[in-house]
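Reading through the structure tokens given below for one structure.
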Amino acid sequence: MVETFPVTKHKNTVQLAGFGLGLFLFPWVAQRIPYLDHYMDVMVFVGIYSIMTIALCLLMGYAGQISLGHASFFGLGAYISGVITTKYGLNPWFCLVVGMVVSAAVALAIGAPSLKLRGHYLAMATLAFCIIITIIFNETMAVTGGPDGLAFIPGIGIMGYALDSVVKYYYLVWGVVFVVLLVCLNIIRSRVGRALRSIHGSELAASAMGVNVAKYKIWVFVLSAVLASVAGSLYAHYLNFINPASFDLFVSIKLLIMIILGGMHSLWGAIVGAALVTFLSYEWLQYFEEAEVMIYGAIVLLIVIFLPGGVVSIPEKVGSLWRR
Amino acid sequence: MEEITLASQLLQYTITGITIGSIYAMVAIGFNTIYNVTEAINFAQGEFVMLGGLVMVFFRVTLNIPVVFSLPLTILVVTTVGILLDRLAIRPIRKPSVLVMVIATIGASFLIRGAAMFIWGKNPFDLPPFSGRNPMTFWGAVVQPQALWVIGFLVVVVIVLTLFFDRTIMGKALRACAVNPNASSLVGINVKYMILVSFALSAAIGALGGIVITPISLMEYDRGAMLAVKGFSACALGGMGSFSGAIIGGLIIGLIESLGAGLISSGYKDVFALLVLLVVLFVKPSGLLGSVEVSKIRKF
Amino acid sequence: MKRKQTIGKGAACLITVVLVATLILMPVGRVQAAKAYKVGAVFSVTGRASFLGDPEKKTALMLQEEINQKGGINGHLLELVIYDDEGDSTKCALAVRKLITRDKVCVIIGPSLSGLSLAVVPEAEKHEIPLISCAASYKIVTKNPDTGEQWKWVFKTPQSDSMAVEAIYTHMKKHGISKIAIMSVTSGFGASGRGELLRLAPKYGITIVADEKYGPKDTDMTAQLTKIKGLAPQAIVNWSIGPTQVVVVRNWKELDMTNITMYQSHGFGSRKNIKLAAGAAEGVYCPLGACNIAEILPDNHPQKQVTMGYLKAYKAKYNEPLSSFGGHAWDALSMVHKALEAVGPNKAKIRDYLENLKGFVGQHGVFNFSPKDHNGLTKEAFQMVVVKSGDWAIAD
């Protein structure tokens, strides 16, 4: 099992540096190529989804738990930010923190009972939770605006400097992604990461070795919920509009697809998956018009069948073919 | 204007709840059939129901074939789709983990839904009920004849499945796979073939559900997802893998929805059912009728 | 070994780059007519609101073909760039921004949904591009609900839900109905109609005794109707779309509640629904725009000619019953056609032209825009009709 998690410090530093540089230069390049300038806009959403998938990858790929409720934490963050800033005019950063706290509390309440049990009760419990939250967003019309959504959410700024253009927001979002990635890569390398991997390998063996299985699982679940909430707040302030359909069960499923397609056992896979699915559904498949759903389904199937390690395993696969 | 008494109202809610619940139960049984052999949740289960309805519309309305022939034809077609799903999407997976299989079925469900949209378009379709539209009245409550068909077919499915699993070699082999696939393959059961059978079986059950519900609720290409979610909830409530649990779970969810909508609030009716599910999961994690022993050896 | 691996990775990267480049460059390959007038459109062609976007897209394509066959607009072909938002707000915002920055269109038609239209209003205002929404909510065009101030760049063609509600309530008052029950689907369409029903009821002296809801994919509404039956109102108003509105009518008939008059929203406006209800829709009232009932309009009706033309062309091209929602796209694109003919592809001039457009005869009414009214319709745009022997008939 261990060989599926190749983590050497040196490799990571190089990758991280390259990744950071690429991200930093992307807007400069994109703005100079026609048809690419729009990609920055899409990249902002890739970043927002990446914040969620990186943490969810810790939960799924490393702790081996399935959550179908992350769209709800995404939604909680978005709605807390959206409602408070729109109706009471409070500072967006304050709302972002409120969202994080609320999401952490809710995640603890949902996660603690279901993660203490063996098996995938988290998947069932979060499924129910996700649908309930969507219904609440829809029904509490006076607060959330109901199915029509909440419009005209103010933007976000840093110390009076408004992040009002796509490029500025791009740097904010990807800055957050970078920090999240750094933190999560460190978690994997730490004692916690080893504990998580041991849980995924064999829960029984892990607990026999003295790993407090439930504690670590809950810890990761809460962390991923908090990050989803951050992503939600960033989403609300970027789009200036939120509606319940953006946070329903199908979004949770979309997050799962991102992680599986990207490659479940690597945090890089989480980002690649987020980028792949976002670009496919928001950009590339548009030209197929009504056949879009069908082609999307076919791509998902093909990747799952032929690349069980996800898109991130392509270089490795090509490399091994090369060596042969 | 005739008054309706509270008693007849309650009776009406119960009848409605049982009708809706029977459909959820049928979807849940389909889930369980595949879950028992593969431990994966087949997210395309709702798509089988949708296909059942729409293919039946094609045979019954478009080609005007009588029910006695169009019903088996429809089940045959959808079963073929189920077999194809296994052969083309599940079996080729090289490292079949539960999660990968789940995502594969999600991908397949997009594919099937997209194809259905291409073939039938986005509009809902109607199917004439099997025995007229004249409702019957009992103590002030009204029963649609089609509702009786729904309940009747559920009973038939349950009886046939029980006989199949208890009395036939193949049924016993399937049950063996459910308990322990590795051990089953050691005693000579072809597990891959059993997976194929489970997909065929659950497609057939799903199709039947679609066929009987369409005269009541119409059918269109994207209804599968909602039915799958409801069926999955029924499954989890009753206990994953348990057939009687699926029926109890489906009926309970149907009844809560209907009684909740009638007596408390129709806006939150789905919340009541899901809250019950959450409470049950936290109190008895294996579901109402799920076996604790079985759930311990399961990966999912 | 290590070097080979690097080469392998390089090759893989190269392949990826080529693949991605192919996907990026695909749009360039699309045919572009010289000096064509570019008009953008965002409709919910697939997904949860395809009942709106599908007929809208078909109508827009049909009109484009008609216009270009006649030689275009002042010698320029009309190039329509249509994106499908799938009812997804992210996709919708991205599509609108793409229309503005990449496709450089001079006017945008859509989105189909009220929520999504609200979501892109700030974009239209920020980039100063006229946007003609095909969604119903009055909020889309209203900047300040208290003063009634309108957004500068945003227009809409559908009647507001409040007009449909007022048409229904006026009809009820005429027939002495004052105690009603309402039912609505928990989607944007239902929630918006429900809001207006609740808001306007006191003004017409109407009491709402039950306020029931159901999901857009629910299979049966007997429970809600049974509850309503127990409360014995004089009428039921049902606000939904898609299969549920047919199921409601069927359940209403099955429960023998025909002595309680059933009103439907304008979403019922397709003969398909009467057929699907399998005889249960007899006696159901609903407010409809002229384009639904073109055949039964009197010959001297101002919209008779336009609506009949659209009806015939649509049926001939797509061989399916007309949906009233396509008419909203017809109105929007025809207005744009007129504007382009008059002032050319200048965003500010198109806006000014639209704002002062008077007496435009469309599918859903005669539009009279003004700086204070970016919708241009009155409640007379709706006509109460009743289902009689399987077809619409003007209700008295």
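The values are calculated or read from the model by the stated rules, or taken from the named source; none is laboratory data. Note that the structure is a prediction, hence the values are computed from the model and not measured. Positions of Cβ are generated from backbone atoms using ideal geometry, with glycine treated the same way; all protein chains shown enter the neighbour counts.
Of the residues making up segment A:285-308, one or more are away from chain B (no Cβ under 11 Å), touching a helix residue (DSSP H, G or I) at 6+ places or on another chain (Cβ under 8 Å), assigned to a helix (DSSP H, G or I) and among the aromatic types (Phe, Trp, Tyr). Taking every residue in segment C:191-203 that is closer than 13 Å to C:GLU166 by Cβ and pairing it with any residue that is of a type in the set (Ser, Thr, Tyr) and surrounded by fewer than 18 Cβ atoms within 10 Å (Cβ to Cβ), at least 6 positions away or on another chain, the pairs with Cβ-Cβ distances below 9 Å are C:ALA201/C:THR207. Screening B:LEU148, B:LEU127 for residues that are more than 8 Å from every other protein chain (Cβ to nearest Cβ), free of Cβ contacts under 8 Å to residues at least 12 places away in the same chain and touching a strand residue (DSSP E or B) at 6+ places or on another chain (Cβ under 9 Å) leaves exactly one candidate, B:LEU148.
Quick check: anything in segment A:287-303 small (Gly, Ala, Ser) and closer than 23 Å to A:MET43 by Cβ? No, segment A:287-303 contains no residue that is small (Gly, Ala, Ser) and closer than 23 Å to A:MET43 by Cβ. Just one of (1) modelled with pLDDT of 85 or more; (2) among the aliphatic types (A, V, I, L, M); (3) farther than 30 Å from C:GLY326 by Cβ fails for C:LEU19. It is (1). Return yes when C:LEU63 is more than 8 Å from every other protein chain (Cβ to nearest Cβ), in a helix (DSSP H, G or I) and within 15 Å of the chain's Cα centre (by Cα) and no when it is not. Considered against the rule, which asks whether it is more than 8 Å from every other protein chain (Cβ to nearest Cβ), in a helix (DSSP H, G or I) and within 15 Å of the chain's Cα centre (by Cα), C:LEU63 comes out as no. Screening C:GLY148 against (1) within 17 Å of C:ASN375 (Cα to Cα); (2) among the small types (Gly, Ala, Ser); (3) within 12 Å of another protein chain (Cβ to nearest Cβ) leaves a single unmet condition, (3).
Selection over segment A:139-162 of residues that are facing another protein chain (nearest Cβ under 10 Å) and in a helix (DSSP H, G or I) gives a count of 5. The criterion of at least 1 residues that are among the acidic types (Asp, Glu), touching a helix residue (DSSP H, G or I) at 6+ places or on another chain (Cβ under 7 Å) and farther than 30 Å from B:VAL37 by Cβ is met by none of the helices (runs of 4 or more DSSP H) falling completely within segment B:127-193.
The residue of segment C:99-114 that is nearest to the other protein chains (Cβ to nearest Cβ), among those that are crowded, with 24+ Cβ neighbours inside 10 Å and in a helix (DSSP H, G or I), is C:SER114.
None of C:VAL246, C:VAL237 is touching a residue at least 60 places away in the same chain (Cβ under 8 Å) and crowded, with 24+ Cβ neighbours inside 10 Å except C:VAL237.
Among the conditions (1) part of a helix (DSSP H, G or I); (2) closer than 19 Å to B:SER109 by Cα; (3) among the charged types (D, E, K, R), the only one that B:ASP222 does not satisfy is (1).
Could you grab me the full set of residues in segment B:151-164 that are without any contact (Cβ under 8 Å) to a residue 40 or more places away in the chain and under 30 Å from B:ILE189 (Cα atoms)? The answer is B:VAL155, B:VAL156, B:ILE159, B:VAL160, B:LEU163, B:PHE164. Using the structure shown, decide if C:LEU225 is within 14 Å of chain B (Cβ to nearest Cβ), assigned to a loop (DSSP other than H, G, I, E, B), of a type in the set (A, V, I, L, M) and surrounded by 20 or more Cβ atoms within 10 Å (Cβ to Cβ). The answer is no for C:LEU225. When A:PHE73 is tested against the conditions (1) in contact (Cβ under 8 Å) with a residue 12 or more places away in the chain; (2) not in a helix (DSSP H, G or I), the lone failure is (2).
Conditions tested, residue by residue: (1) within 14 Å of chain C (Cβ to nearest Cβ); (2) modelled with pLDDT of 90 or more; (3) part of a helix (DSSP H, G or I).
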position	(1), (2), (3)
A:SER114	no, no, yes
A:ALA123	no, no, yes
A:PHE129	no, yes, yes
A:PHE137	yes, yes, yes
A:ASP164	yes, no, no
A:LEU172	no, yes, yes
A:VAL179	no, yes, yes
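For segment A:32-54, the tally of residues that are part of a helix (DSSP H, G or I), hydroxyl-bearing (Ser, Thr, Tyr) and at the interface with another protein chain (Cβ under 9 Å from one of its Cβ atoms) stands at 1.
For segment C:361-388, a residue qualifies if it is surrounded by fewer than 18 Cβ atoms within 10 Å (Cβ to Cβ), farther than 30 Å from C:GLY279 by Cβ and either among the aromatic types (Phe, Trp, Tyr) or touching a residue at least 60 places away in the same chain (Cβ under 8 Å) (or both), and the qualifying residues are C:PRO371, C:LYS372, C:ASP373, C:THR378, C:LYS379.
The set of residues from segment A:208-252 being under 17 Å from the mean Cα position of the chain (by Cα), more than 14 Å from chain C (Cβ to nearest Cβ) and either of a type in the set (S, T, N, Q) or surrounded by fewer than 24 Cβ atoms within 10 Å (Cβ to Cβ) (or both) comprises A:TRP219, A:VAL222, A:LEU223, A:SER224, A:VAL226, A:SER229, A:SER233, A:SER252. The number of residues in segment C:228-253 being within 9 Å of another protein chain (Cβ to nearest Cβ), closer than 23 Å to C:SER323 by Cα and assigned to a helix (DSSP H, G or I) comes to 5.
Exactly one residue out of C:SER137, C:SER184 is within 11 Å of chain A (Cβ to nearest Cβ), touching a residue at least 24 places away in the same chain (Cβ under 8 Å) and in contact with a Phe, Trp or Tyr (Cβ under 6 Å, 6 or more places away or on another chain), and it is C:SER184. When you scan segment B:77-98, how many residues do you find that are in a helix (DSSP H, G or I), of a type outside the set (Val, Ile, Thr) and at the interface with chain A (Cβ under 9 Å from one of its Cβ atoms)? Residues meeting the conditions: 2. Just one of the numbered conditions (1) modelled with pLDDT under 90; (2) part of a helix (DSSP H, G or I); (3) under 13 Å from the mean Cα position of the chain (by Cα) is not true of A:MET264; which one? Condition not satisfied by A:MET264: (2). The combined condition, being buried (at least 24 other Cβ atoms within 10 Å of the Cβ) and either assigned to a helix (DSSP H, G or I) or at pLDDT 90 or above (or both), is not fulfilled by B:SER266. Whether any residue in segment C:210-222 is farther than 29 Å from B:TYR221 by Cα and not assigned by TED's automatic domain parsing to the domain that holds C:SER137 is what I want to check. Yes, because at least one residue in segment C:210-222 is farther than 29 Å from B:TYR221 by Cα and not assigned by TED's automatic domain parsing to the domain that holds C:SER137. Quick test for you: out of B:MET226, B:MET219, pick the one residue that is surrounded by fewer than 21 Cβ atoms within 10 Å (Cβ to Cβ), within 26 Å of B:LYS269 (Cβ to Cβ) and within 14 Å of another protein chain (Cβ to nearest Cβ). When all the criteria are applied, what remains is B:MET226.
For the subset of segment C:35-48 comprising residues that are of a type outside the set (D, E, K, R) and more than 10 Å from chain B (Cβ to nearest Cβ), which member is nearest to C:VAL336 (Cα to Cα)? Among residues in segment C:35-48 that are of a type outside the set (D, E, K, R) and more than 10 Å from chain B (Cβ to nearest Cβ), the one nearest to C:VAL336 (Cα to Cα) is C:VAL39.
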